[in-house]
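Down below is the structure, laid out as structure tokens.
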Amino acid sequence: MSNPDDSHRPLAVLIDADNATPAAVAALLDEVAKYGTASVKRIYGDWTTPQLKGWKNHLPEHAIQPVQQFANTKGKNATDSAMIIDAMDLLYTGRFEGFCLVTSDSDFTRLASRIREDGLKVYGFGEKKTPKAFVSACDKFIYTEILGGRDDGQSSSRRTPPANLRKDRKLVRLLRDAVDAVASEDSGRAQLGGVGSHIQKNHPDFDPRNYGYAKLSGLLKAIDLFDVKHEGQHVWIGVRE
């Protein structure tokens, strides 16, 4: 969940061209804007190879700076090394409040952990094949497959049916545990924002859009195992017995 107050936080967006697709770059940058301002946008790869041809038309349109890194030694990923070195240089400037690492490569797991050790946020973007180690090293991880559509994640064709949601024991347990963890002792109910924050801390890749719902409240209503009540500006969640 993003906070409106975060919209001006300076972010460094670093893209591994070898492990990212250009198809979702516009939607990806829209997503980045929810968490801050992309003060730096760089993409790393060997631009002399035909494999990266698809990226070239997108770079000037989105003011993304390409960084050339020749593959001097076969079998060694020079792109990863260049991106990691640049990330550390940017970290040491003290100018940024967060990093967006766009890659599906687990080689960046230690980089994400190192950035977080300095108290900065790390937002990861990658395909669903991304290894769990890298996903878990980020504060939040967004699967790029959910960024392609322009229907705000609410297309009925993409939604997981409510009956299937209720059969997903892992999802049901995750939601129940989160509500129980932040619920008031007096009322037994929890504020929606607190539920979302608790889930994000423990499951960086959780996103209601993974199930076809734009917001957590929509997912909770669809699963039909919780009482969802709007009171003024607050949304309260209760677990049904």
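A few points about this structure:
- Across segment 156-189, the number of residues qualifying as within 17 Å of Val239 (Cβ to Cβ), at pLDDT below 95 and not in a helix (DSSP H, G or I) comes to 7.
- Flag if Tyr213 is of a type in the set (Ser, Thr, Tyr), in the same structural domain as Thr21 (by TED's automatic domain parsing) and in contact (Cβ under 8 Å) with a residue 12 or more places away in the chain: no
- The one condition in (1) at pLDDT below 95; (2) of a type outside the set (A, V, I, L, M); (3) surrounded by 11 or more Cβ atoms within 10 Å (Cβ to Cβ) that Lys41 fails to fulfil: (1)
- Given (1) under 28 Å from Asn19 (Cα atoms); (2) of a type in the set (A, V, I, L, M, F, W, C); (3) out of contact with any Pro (no Cβ under 7 Å at 6 or more places or on another chain), number of the condition Val135 does not satisfy: (3)
- Among residues of segment 160-173 that are closer than 19 Å to Val195 by Cβ and assigned by TED's automatic domain parsing to the domain that holds Lys221, those with a Cβ under 8 angstrom from a residue that is among the polar types (S, T, N, Q) and surrounded by 12 or more Cβ atoms within 10 Å (Cβ to Cβ), sequence gap 6+ or separate chain, pair up as Asp168/Thr160.
- Filtered residues of segment 53-67 (kept if over 23 Å from the mean Cα position of the chain (by Cα) and modelled with pLDDT of 90 or more): Pro60, Val67
- The set of residues in segment 90-109 being touching a residue at least 24 places away in the same chain (Cβ under 8 Å) and not in a strand (DSSP E or B) consists of Leu90, Leu91, Arg95, Phe96, Glu97, Thr103, Ser104, Asp105, Ser106, Asp107, Phe108, Thr109.
- The number of residues in segment 25-38 being under 18 Å from Pro60 (Cβ atoms), in contact (Cβ under 8 Å) with a residue 60 or more places away in the chain and surrounded by 21 or more Cβ atoms within 10 Å (Cβ to Cβ) comes to 1.
Here is a yes/no grid of residues against (1) more than 30 Å from Cys100 (Cα to Cα); (2) surrounded by fewer than 18 Cβ atoms within 10 Å (Cβ to Cβ):
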residue	(1), (2)
Cys138	no, no
Ile142	no, no
Pro161	yes, yes
Lys167	yes, yes
Asp177	no, yes
Ile199	no, no
Pro208	no, no
Ala214	no, yes
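The values are calculated or read from the model by the stated rules, or taken from the named source; none is laboratory data. Remember, predicted model here, so these are calculated numbers, not experimental data. Because the Cβ atoms are built from the backbone with ideal geometry, glycine has one as well, and the counts that use them run over all protein chains shown.
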